[in-house]
Each structure stands twice: as structure tokens, then as C-alpha cells.
Amino acid sequence: MPPSPPAFLPVSALSVELEAYVAVTASIHAGFADARTTFECVLPPLRDAGFLVLAGLEPLLDALERFKLKNDELTWLETLGAVDAEAKRRLIDMRFSCDVDAALEGTVVFPGEPVLTVEGPFWQAQLVSALVRGGLTSSTLTATRAARCFLAADGAEVIEGSATTAHRLGGNPLGARAAYIGGASATTCALAARRYRLPVRASLPRQFALGDASPRAMFESWLRASQDKAILRIEGGESEMVVRGLVDAVKNRAAQPSWHQGDIAVEIAGGDHAEMAHLLIDAFAKAALGEPVIVASGDLDEHAIADLRRRETPISAYIVPSFDVDDGTWPARYDLTAIESNGQWSPRMRRGSTVADSGDPGRKVVVRYVDMDGQLLADVAHATNERVQNASDVEFVDRSTGFPARLAAAAGAPLLTNVMRAGKRVSAPEPARTLRERTTASLLALPERHRRLRTPALYPVGTTPALAAIKQELLGRPVSG
């Protein structure tokens, strides 16, 4: 039998901004509540990163499909004056009915381009803005950081180590899921492991190490409790007595017929990982034990991991303390880009501080162009009412520079696909392992110059000249030749 899907995460309909409900009432009074609209979610640049890994889509779709206000929540909104009788009537009967297109979860995407669109009546499409932004922002950031650590580790295992305490009581299992999609091999979060069927690891906690005065007794107790796949822990710069106690405990355990020496791992928690790793390997060799699997933890990120790899430090796994560094300064955009009136679509645009920072108006099809080897070349947005350009001769306007550009590709295909129609998902959820494999394949299709950890080359993202002309017209500037 196929495995049952993970339990859904209850998300309150009041988790959106209060003004979203006021906007429902106001749009009814203004007469365009039922006008069909297109909203786009666009992600901003991430410092030092040449790419992003889209994550959080499946939990978002689940939340959209189940979006429903309770009677007491509606009464509360009415008491505040946020909704009137007509808005309340709509919200009582509401079932999310919009269409959603998105890049598949685990796909490499880039700043400035639409990664998800919501099309439907204005009052509904604007109401879910916070869910869309919140559902994609943190997970994409986490998955992207994990992918960078995965690239830096160059084949070594990366373990997610912060989901149990991140953000809130109960931890952040969605963060562990996103890290796994991005490239982490396992998590330390029991809830995430059970809910999303992720590999899980347990290392010796520091508080346990402090509870026993005898290092050897402490390590032996942990080995007895851990069975296979045990991870012992020592602090960086630990005393020789502790190292000797660890080796003696492992040697005693290895003498037992049921023990598999290859399953032992030693976590070095901070300090000089390289020096301690060589000390441990020498200690195991002198005790006639097989070389231990060395796990590094502490203040690690992709740059620290890359540095240890360059120094050829014999480390097989890295426990990263946090992939999610979202402090609210990396907000996704959710912009109205088109509205229908009298059977005609009218473009809309959010005006930013610069042309590049402003939104791209109109309904679009984003085409990803690749070369003969399937390597990514550029992503170009076309208006839905214009013909998609032939891959062999693509003309576009780079959205970051405003300069015209051309490329010759081997093929092109839409980046976004149908994921929800009339408020219902079009396909069953994919397992996290499948999403992780998609990320790996997507990273391999990205040229090295765009995925390197420092000073990556800017990946071309643009619009067709027709879309660029609409933007220039709305900005009130002449179209440059």
C-alpha cells in the first residue's frame, strides 16, 4: 500500500492581516470585488546567492484548500467593524475558488520573476496574500541555505539541527522539511521526521554529557541507548581524558559481537574541527579501531563548510545549527498585475523606488530556455496574448539592467505549471524525497558560475519587448530604442 499523506497543518484564517478583511468590504463597495484578477508572487534577491530553491508550496496549497472562517471568528471581525453584512455573507459561504500556477517545489528559481500566480475574484485573491508570502518566504529561504550547504559539503552529509527550537514552541517542522528539500540529508526533529518521513539523527546532548562525571561511563550509557547509528559528542578542544574515555567506550562496545564498528560517529561541537578530527583518528588507530565517522557542528554555514572542505578536513557530515536566517528583511512580493473589466484585461503595476524594483505588469507566461545539454540559459516572461518566441532566437529586456538582450537556445518550456484549479489541487502531494531529487537535478542544470557560493554571476531574467513597453508606459517614461 502507498504511504498515507502527512497530516495537514491547521492554519487559522485569521492569520492574515486584518486589512485583508477590510479590503473585502471595501472592494464590494467599490464594485470590483468579483472582478477577475491576477496576482503574482515574486521573491527578492538573497545576499551572496545566485539562485533560490522554491519550497513551501505543498503546505501552502493545503492551507488554501482548507481556508475557512469559523462562526466565532466572523463575529469577532464584525464586532471590530472590519466586515459588514455583505462581506460576512460572502465569508460564511466562502470556498477558495482561485486558480494557482507555480514552479514545482524544489525547482531552482530567481529573484524578480513570478514563482506563483493566483487568478480569481479580487476579494479572494487579495485575501490570501499573507498565506502566500508566509508560506513561500521562510521555506524558500531555508531550502536555499540548505542547498548552498549541500554544494559546499561536496558529497558529505548535511544534517538540519534547528527545527526543534526554531521560531515557536513546538519547533518548526516545516523548516526541517524545507531544509531536506534543499539538500539536507536528515533532521534532528522527531516531529518533522514522522510527519514528512525524513531521515532522523540523534547526537549526544551536552546536558547529558555534563550529568556523568566519568566520560567513559557516559559514552557507554549513550552507546547502549543508541544502538546502531550512534553519534557521540565531544566539545572542540576537549581534554585528553575525555577523548580517552570515548575511545575506551567504543573499544568496549566493539568487542561485543552485535556491535558494528562502521556505525560509530563522533560529533565535534565547535572549536578547531580539523585539529580535533585528526586527534580522534589517531586515537582510534592506536586503539586498533576503525576510523570514526567525523561529524562537525557548531557555528557552521556554507562558507565555513567550504573552508573545511578546502582544508581537506576528514569530515563526513555537518550539523548546521540554522538554515533559516529570516529576520523579516527578505519579504516576498504579492502584486496585482492585471484586472478584468468588461471582458478586457487591464495591466496593473506596483511602482517601486527604481524601474527594476517596480513590478512587471500584465498576465504572463514565464519560459525557461536551456541549451543542448539542458543547462539553464535564461527565464523570459511573455504576455499571455503574444506568441512565445522561438528558442533559437530569443529577444528580451533584462529586468535588472533594462538593457536589450538576445540568446540562442535549444529549447524552452513554461516555468510555472497548473497546481490548483478552482481552489482544488490538480495532483497528489509529492514525497519530500522526490522534491529533494528535483532540487539536486535543478542545481546540476544550473551553470557553475550561477551556483558558486561567492560572487555568483547574475542569471538572466527578463521580459519580452512588448511587456517592457507596457511597463515603460505605466511608468510614464518613453520606450528606449
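Rule-based calculations on the coordinates, nothing more; no lab input. As the structure is a prediction and not an experimental result, all values here were calculated from the model. Ideal geometry is used to build each Cβ from the backbone, glycine not excepted, and the neighbour counts take in all protein chains shown.
Working note: Karplus 6.51/-1.76/1.60 with θ = phi - 60° gives region 386-395 the couplings 10, 6, 5, 5, 5, 4, 6, 8, 9, 10 Hz, where Gly and Pro are set to x.
Taking the square roots of five times each eigenvalue of the Cα gyration tensor of the chain, the equivalent ellipsoid has semi-axes of 48, 28, 17 Å, listed largest first. Evaluated with a Cβ-only charge set (Lys, Arg +1; Asp, Glu -1), region 185-320 carries a dipole of roughly 640 debye about its Cα centre, given to the nearest 20.
Using the Cβ atoms and a cut-off under 11 Å, what net charge is assigned to the surroundings of residue 189, where Lys and Arg are +1 and Asp and Glu are -1?
Working: positive: 177, 194, 195, 201; negative: 160.
Overall, the nearby charge balance is +3.
Summary value for region 185-320: 19 percent relative contact order, contacts being C-alpha pairs under 8 angstrom separated by 6+ residues. Counting only lysines at least 8 places from residue 471 when in the same chain, those with an alpha carbon closer than 29 Å to its own are 364. Eigenvalues of the alpha-carbon gyration tensor of region 383-481, scaled by 5 and square-rooted, set the equivalent ellipsoid semi-axes at 30, 22, 14 angstrom, largest first. The fewest-to-most ranking of 246, 77 by surrounding Cβ atoms within 10 Å reads 77, 246.
Calculated FRET efficiency, residue 281 to residue 449, Cβ-Cβ distance, R0 = 41 Å: about 0.70 to the nearest 0.05. Contact order, relative form, for region 1-127: 44 percent (alpha carbon pairs under 8 Å, 6 or more residues apart, mean separation divided by residue count). The helix-only estimate of mean residue ellipticity at 222 nm for the chain, built from DSSP H runs of length n ≥ 4 each weighted as -39500 (n - 2.57), is -10500 deg cm²/dmol after division by the residue total.
Taking a straight Cα-Cα cut-off under 16 Å and skipping sequence neighbours fewer than 8 places away in the same chain, the lysines within cross-link reach of residue 88 are 68, 70. Considering only 353, 308, 159, the residue lying farthest towards the positive end of the dipole of the chain is 159, judged by Cα position with unit charges set on Cβ.
Quick one: compute a quarter of the convex hull surface over the Cα atoms of region 185-320 and quote it in nm².
On the way: hull surface 33.9 nm².
In nm², the orientation-averaged hull projection of region 185-320 is 8.5.
Two numbers describe the Cα atoms of region 19-170: Rg and Dmax, which are 18.6, 60 Å.
Below 8 Å, C-alpha to C-alpha, sequence gap of six or more: please give me the relative contact order for the chain in percent. Show your work: numbers first, answer last.
Numbers: 962 pairs, mean separation 93.4, N = 481.
About 19 percent, as a whole number.
With the highest mean first, a sort of the peptides 344-357, 43-56, 115-128 on other beta-carbon atoms found within 10 angstrom per residue produces 115-128, 43-56, 344-357. With both residues required to sit in the chain, DSSP beta bridges show an antiparallel share near 65%.
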